[in-house]
1. If we scan the stretch 77-95, do we find a residue that is touching an Asp or Glu at 6+ places or on another chain (Cβ under 8 Å), open to solvent by 20 Å² or more (accessible area, probe 1.4 Å) and part of a helix (DSSP H, G or I)?
2. Please state which one of I38, I100 is open to solvent by 20 Å² or more (accessible area, probe 1.4 Å), of a type in the set (A, V, I, L, M, F, W, C) and at pLDDT below 80.
3. Quick one: in the stretch 96-134, which of the residues that are in contact (Cβ under 8 Å) with a residue 40 or more places away in the chain and part of a helix (DSSP H, G or I) is farthest from V47 (Cα to Cα)?
4. Do the conditions hold for R155, that is, is it surrounded by fewer than 14 Cβ atoms within 10 Å (Cβ to Cβ), modelled with pLDDT under 75 and assigned to a helix (DSSP H, G or I)?
5. Any residue that is surrounded by fewer than 10 Cβ atoms within 10 Å (Cβ to Cβ), modelled with pLDDT under 80 and either within 23 Å of H75 (Cβ to Cβ) or small (G, A, S) (or both) - is there at least one of those in the stretch 134-147?
6. Exactly one condition in (1) surrounded by fewer than 19 Cβ atoms within 10 Å (Cβ to Cβ); (2) touching a residue at least 12 places away in the same chain (Cβ under 8 Å) is not met by S58; state its number.
7. Looking at (1) modelled with pLDDT of 85 or more; (2) open to solvent by 50 Å² or more (accessible area, probe 1.4 Å), which is the only condition F73 fails?
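The values are calculated or read from the model by the stated rules, or taken from the named source; none is laboratory data. Source: prediction; values computed, not measured. Because the Cβ atoms are built from the backbone with ideal geometry, glycine has one as well, and the counts that use them run over all protein chains shown. For the accessible areas, the whole protein counts, side chains as well, though only heavy atoms, and no ligand, DNA or RNA atoms are used. Shrake-Rupley method; radii C 1.70, N 1.55, O 1.52, S 1.80 Å.
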Amino acid sequence: MDVKRLIDQYGQEFETEVFPCLPDSQYGNLESLILYSIIRNRKPQIVTEFGTETKGRSTYIIHKALEKNERIFVHAMFDKQGVVEEALVNLSRHFPSKSIQQTWILSGPIEYTIEIFDRLIPLDRINFAFIDADHGCDFTKWYVERIIKKYRLSRLSKE
């Protein structure tokens with residue numbers, strides 16, 4: 001993936017249409033631009049966001065890019081109870097109710113909410129997954145073992 005080309009293609013759009021309304025966050029401006037540009041370029045229809053924050057900067061960026069792509073989409077947000085709901089409330093301040101209806105929130109332990117989502121939309125239909133959660137080593141190991149490997153293997157066994 002040529003990130004420089006993506007930034008050249010979507011950078012001006014990001015600066016004028018997205019950046020002025022971005023919620024404050026620890027998530028950096030360059031990372032925000034890259035995330036937006038990748039989604040604009042790939043035009044996914046089913047996007048999952050594992051981990052968010054109450055201010056919802058990455059949630060806003062993802063949703064703005066999906067909306068700009070002018071395609072039908074599902075944006076599924078996973079996080080612990082209370083966090084994802086507050087991020088959705090913040091998101092609703094920026095978007096009309098029609099596009100918010102395409103955003104699903106699944107709150108609670110990821111081991112259970114991912115199973116619920118898989119029953120609604122099979123995980124192999126996800127076009128883009130954004131993982132933004134605890135960045136510590138122990139959590140990352142746990143996440144890979146409990147979520148990524150488990151669902152990657154379960155999909156392979158279904159084929």
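1. Looking only at the stretch 77-95, we keep the residues that are touching an Asp or Glu at 6+ places or on another chain (Cβ under 8 Å), and these are 77-78, 83, 87, 95.
Now narrow it down to the ones that are open to solvent by 20 Å² or more (accessible area, probe 1.4 Å): 83.
From the residues that got through so far, the ones that are part of a helix (DSSP H, G or I) too are 83.
Checked against the condition, which is being touching an Asp or Glu at 6+ places or on another chain (Cβ under 8 Å), open to solvent by 20 Å² or more (accessible area, probe 1.4 Å) and part of a helix (DSSP H, G or I), the stretch 77-95 yields at least one hit.
2. On the way: I38 fails: at pLDDT below 80.
That would be I100, the only listed residue that is open to solvent by 20 Å² or more (accessible area, probe 1.4 Å), of a type in the set (A, V, I, L, M, F, W, C) and at pLDDT below 80.
3. Initially, the stretch 96-134 is screened for residues in contact (Cβ under 8 Å) with a residue 40 or more places away in the chain, giving 103, 110, 117, 121, 125-134.
Checking which are part of a helix (DSSP H, G or I) leaves us with 110, 117, 125.
Working: I110: 16, F117: 12, R125: 9 Å.
Looking at residues that are in contact (Cβ under 8 Å) with a residue 40 or more places away in the chain and part of a helix (DSSP H, G or I), I get I110.
4. yes
5. Scanning the stretch 134-147 turns up at least one residue that is surrounded by fewer than 10 Cβ atoms within 10 Å (Cβ to Cβ), modelled with pLDDT under 80 and either within 23 Å of H75 (Cβ to Cβ) or small (G, A, S) (or both).
6. Of (1) surrounded by fewer than 19 Cβ atoms within 10 Å (Cβ to Cβ); (2) touching a residue at least 12 places away in the same chain (Cβ under 8 Å), only one is false for S58: (1).
7. Every condition holds for F73 apart from (2).
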